[in-house]
Every structure is written in structure tokens, then in C-alpha cells.
Amino acid sequence: MRRITLMQYLIELERQKDWINADLRLLIEVVSRACKAISIAIGKGELAGMLGGAGSQNIQGEAQKKLDVISNEILLEANEWGGHLAAMASEEMDHPHQIPHRFPRGEYLLLFDPLDGSSNIDVNISVGTIFSVLRCPEGVTEPDDNAFLQPGTAQVCAGYAVYGPSTLLVLTLGHGVACFTLDRETGSFVLTQGEMRIPEDTGEFAINASNMRFWEPPVKRYIDELLAGKSGPRGRDFNMRWVASMVADVHRILTRGGIFMYPRDTKDPSKAGKLRLMYEANPMAFIVEQAGGAATNGRERILGIRPTGLHQRVAVILGSKNEVGRVTGYHAA
Ligand code: AHG
Ligand code: MN
Ligand code: MN
């Protein structure tokens, strides 16, 4: 494959196809630069005092790690001045961040989970950043929560960075999924996989099985059948993986197939799942569908859900099409 950088890739899309304009290109370049800065901060770890708690909580009552706060700030600062955004929303901020009046405003809204997999930071396991891009509704000058409450089908772009043995950036503009690897010597993201595809069938599943006693019957039935292996109704053995960083689990599925589930459970009936719709489930569902996979909450397509809150939670079942279809079928039975 021809090795081109992310910048070249985007410029070629802008020139040859109608998928991207200069503002969206700038947005993606700026986000990728922020991800590079986050990757460097993570890489320094304890040497730069990056590990441990920040001593604060986010709106969801979760303890923030220092790197949650630092990554959020890196993304805000990088994206404020370019003139491509109308506002930003994040897991780590109660409400949208407005673009300071001294900078021009653009037509896009950016949402992000600045640091996904926070529980893995201090134990040196892969973490990531997830982002989603929407258009600012016409006539809205100070975008509030409502401006962001658009279904996942309205996303114009989504992506994630995974900070693992390599730092990768995975991106969709609604025309397939491309993967870029950070060349740490040149500082550029380089195209390493042009067309990511999720195999339709799989022998691998990802779920936090410690929640088993709280699962709803369709999920329990599905997992029981997988665990029964060769002697059960599926007639073959399955393998289990759970990184506890959604980005890392989803990246594995984009690479070799699999099904990822964070279902609704009865542990806390006030919550419709653990993961957040706007900056975790929607961007991942967009990427997974663009790679030929499927994403549902068990009852409906994630991308079709009409959002009601910026930080709303949702059940997530995504990955290889045939397995996601089976679990969704069990919910309907
Ligand atoms: P975040 O660190 O952004 O709060 O997200 C953590 C999420 C997700 O990355 C992962 O799949 C899940 O939480 C892990 O949950 P458990 O700790 O229940 O395994
Ligand atoms: Mn997350
Ligand atoms: Mn997070």
C-alpha cells in the first residue's frame, strides 16, 4: 500500500471527492494533533506525574483521573482557535464549551470522550480517545445541550485514537473506515489500513462477566449458549476477551471480528447501561457500521436513537453482524 500521511489523505479526499471541506479537514487535523499530544502525555506516565486521581468528579459522579482532565484540556485548547467549531461537548464537562468570542466560529459541533478506559491508566493498559462530529443546527449561535441532541445518523465524521503499543487513529467520514499509525519519529499519522472490515461471523466475545447476575434474560441466554461451547446449542467453542477500554475492545473487533456488549442490567435500574450515547456509543456505532458490522441496544439500531440528554447512557451490543443480529433477535423473542 502507498504510505500517505493523514494530511495527504484528507487533502486528496477534499480534491477528488465531495466528502470533506476545508473546515472539516482542519477539524480532523487538529483532533489528530491533540491525540498526538495526549499520546505523549500518556507515554511519559509517572515521569511527568501523569498518573493517579485528579481529586474531582465529573457530572456522572465518576472520579476523574489526572489524565481525564489533561486530555480534556488538550482537546479544548487545540480546537478553540481554528474557526471550524461552534462548540464542544465532553464526558468531562457538564455542559457544552463555547468558543471564546475572540475566535471565529464554524459550522461543526465536536463531542468527545477525551480518555476512554480511565481505570486502565495506572496499570499501563491501552486507553483511547473517542470523538464525534455533528453540524450545528441553523441559526444557533450559542449551542446548548439541545443543539447536540441529534441522532447518530447525523454524524458527519467519527473516530478514535487508541494509545497502545502503537498509537493509532481510526476514522470514518461515512465512506468506510481507515486506520492511521503514528510514526513517532516524523510525528505524522500514516495510512496503514485503507478499508477496515469486520468479519460477519466470529468466535470471540467481550463482556464484563462479573455483572452476569444483573443481566436481562436475552443477554444471559446468549452468553450461556456461548459458554456452553461445543456441547451446547452453538456446537462450537467461543473465546472471551475484556480489556475494559472500549476503544481497545472495539479496535480488536475492527481488526479480527468479535462482539462487544455492555448491556443494560439491573445493577442500577436508573441507568440504561454504562456507556454514554453521544460520545461513546454513537461514534463507535458509526465506525462499526461503516466497517460492515452492526450496533444495537438490543432493541434498536444505536444510530437511530433520538437522544434526550448529553450524558445519557445506553446499552451497547456491537461488532460482527451475524452475532449482533442473534442477540437482537433474542431480545425480540
Ligand atoms: P471511561 O473511562 O471513559 O469512563 O469509559 C470506561 C468504559 C469503557 O471504556 C469500558 O468498556 C467500560 O467502561 C469498562 O467498564 P467495567 O469497568 O465495568 O469493566
Ligand atoms: Mn469512555
Ligand atoms: Mn472517559
Worksheet, complete the sentence: Ordered by number, the GluC sites (Glu not before Pro) in segment 164-259 that occupy a DSSP loop and have at most 14 other Cβ atoms within 10 Å are E185, E195
Worksheet item: What's the Kirkwood radius of segment 112-243 in Å, using all Cα pairs?
Response: 18.4 Å
Discussion item. In Å², and per residue, what accessible area does segment 204-332 have when probed at 1.4 Å with the other protein chains present?
Written reply: 39 Å²
Worksheet item: Semi-axes of the equivalent ellipsoid of segment 204-332: what are they in whole Å, largest first, if each equals the square root of 5 times a C-alpha gyration tensor eigenvalue?
Response: 22, 17, 13
Discussion item. Loop only by DSSP, 10 or fewer other Cβ within 10 Å of the Cβ. Give me the trypsin sites (Lys or Arg not before Pro) in segment 89-182 that pass, ordered by residue number.
Written reply: R102
Response to the item:
Whole-percent carbon and sulfur contribution to the accessible surface of segment 6-193 (1.4 Å, no ligands, DNA or RNA) stands at 50 percent
Discussion item. What does the extension gain come out to for R256 and K220, with contour length at 0.36 nm per residue minus their alpha carbon separation?
Written reply: 10.5 nm
Worksheet entry | Distance between modelled label sites at R135 and N21, nm, 7 Å Cα→Cβ extension | 0.9 nm
Practice prompt. Take the Cα pairs of segment 211-266, get the Kirkwood Rh, then feed it into Stokes-Einstein at 10 °C and 1.306 mPa s and tell me D in µm²/s.
Written response: 127 µm²/s
Worksheet, complete the sentence: Mean projected area (nm²) from the convex hull of Cα positions in segment 1-59 is 7.0 nm²
Discussion item. So for each of 208-219, 28-39, 46-57 I average, over its residues, the number of other beta carbons within 10 Å; can you give me the resulting order with the highest mean first?
Written reply: 28-39, 208-219, 46-57
Response to the item:
Using alpha-carbon coordinates alone, the radius of gyration and Dmax of segment 1-148 in Å work out to 16.5, 49
Worksheet item: What whole number of Å gives the distance from the Cα centroid of segment 262-333 to the Cα centroid of segment 88-150?
Response: 20 Å
Worksheet, complete the sentence: Residue span T192 to R102: 0.36 nm per residue of separation minus Cα-Cα distance leaves a gain in nm of 28.6 nm
Discussion item. Above 29 Å lies some portion of the pair distances; for the chain, what is it as a whole percent of all C-alpha pairs?
Written reply: 36 percent
Discussion item. Over segment 1-143, with the other protein chains present, what is the accessible area per residue in square angstrom, probe 1.4 angstrom?
Written reply: 47 Å²
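The values are calculated or read from the model by the stated rules, or taken from the named source; none is laboratory data. What you see is a predicted model, and the numbers here were worked out from it, not measured in a lab. Here the Cβ is made from the backbone with ideal geometry for all residues, glycine too, and neighbour counts use every protein chain on show. All accessible areas refer to the heavy atoms of the entire protein, side chains included, with ligands and DNA or RNA removed. Shrake-Rupley method; radii C 1.70, N 1.55, O 1.52, S 1.80 Å.
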